[in-house]
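Visitor: Here it is, the structure, as structure tokens.
Bear in mind these aren't lab numbers, they're just calculated from the coordinates by the rules spelled out. In this text the structure is predicted, and so the values were computed from the model without any measurement. Positions of Cβ are backbone-derived with ideal geometry, glycine not excepted, and every protein chain shown enters the neighbour counts.
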Amino acid sequence: MAAGAAGRLARRRIILAEMREGFQYILSNIVLVKVLLLIMVMNFLITPLFVLLPVWTKQVLLSGPQTYGFVQSAYQIGMIAGSLS
């Protein structure tokens with residue numbers, strides 16, 4: 001039993017060492033740091049949109065599922081158009 005616990009502890013240390021090495025690599029590359037920060041900001045700003053969009057469609061636009069579907073489609077088309085430009 002002690003050998004199994006020692007093995008798990010050794011694996012955890014290896015995993016933590018590899019994670020530390022990965023974070024050090026990311027932090028040493030300024031381009032990766034900038035890209036990851038941009039992705040984090042976009043995620044925190046865009047995620048609430050998907051949660052609040054049904055309520056906004058119903059209460060502000062005073063509309064139903066058809067309008068909600070249209071707004072979702074327009075959002076996706078805008079994302080694709082923005083990616084192409």
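Visitor: Rounded to the nearest 20 Debye, what is the dipole magnitude of the chain about its Cα centre when Lys and Arg each give +1 and Asp and Glu each give -1 at the C-beta?
Guide: 360
Visitor: Along segment 25-39, what does the Karplus equation 6.51 cos²θ - 1.76 cosθ + 1.60 (θ = phi - 60°) give for ³J(HN,Hα), rounded to whole Hz, x for Gly and Pro?
Guide: 5, 4, 5, 7, 10, 4, 5, 5, 4, 5, 5, 5, 5, 4, 5
Visitor: Residue farthest toward the positive end of the dipole of the chain, with Cβ of Lys/Arg at +1 and Asp/Glu at -1: which of S28, G78, T57?
Guide: S28
Visitor: Something else about it: Using the Karplus equation 6.51 cos²θ - 1.76 cosθ + 1.60 (θ = phi - 60°), what ³J(HN,Hα) coupling, rounded to whole Hz, does each residue of segment 70-82 give in order, writing x for Gly and Pro?
Guide: 5, 5, 4, 5, 4, 4, 5, 5, x, 5, 5, 4, x
Visitor: Using the beta-carbon distance between T67 and K34 and R0 = 25 Å, what value does 1/(1 + (r/R0)^6) give for FRET efficiency, to the nearest 0.05?
Guide: For R0 = 25 Å, the calculated efficiency reads 0.10.
Visitor: Arranged from highest to lowest average of other beta-carbon atoms within 10 Å per residue, in what order do the peptides 40-51, 69-80 appear?
Guide: 69-80, 40-51
Visitor: May I pose another question? How many nm separate the modelled label positions at L9 and V55, each set 7 Å beyond the Cα in the direction of the Cβ?
Guide: 4.9
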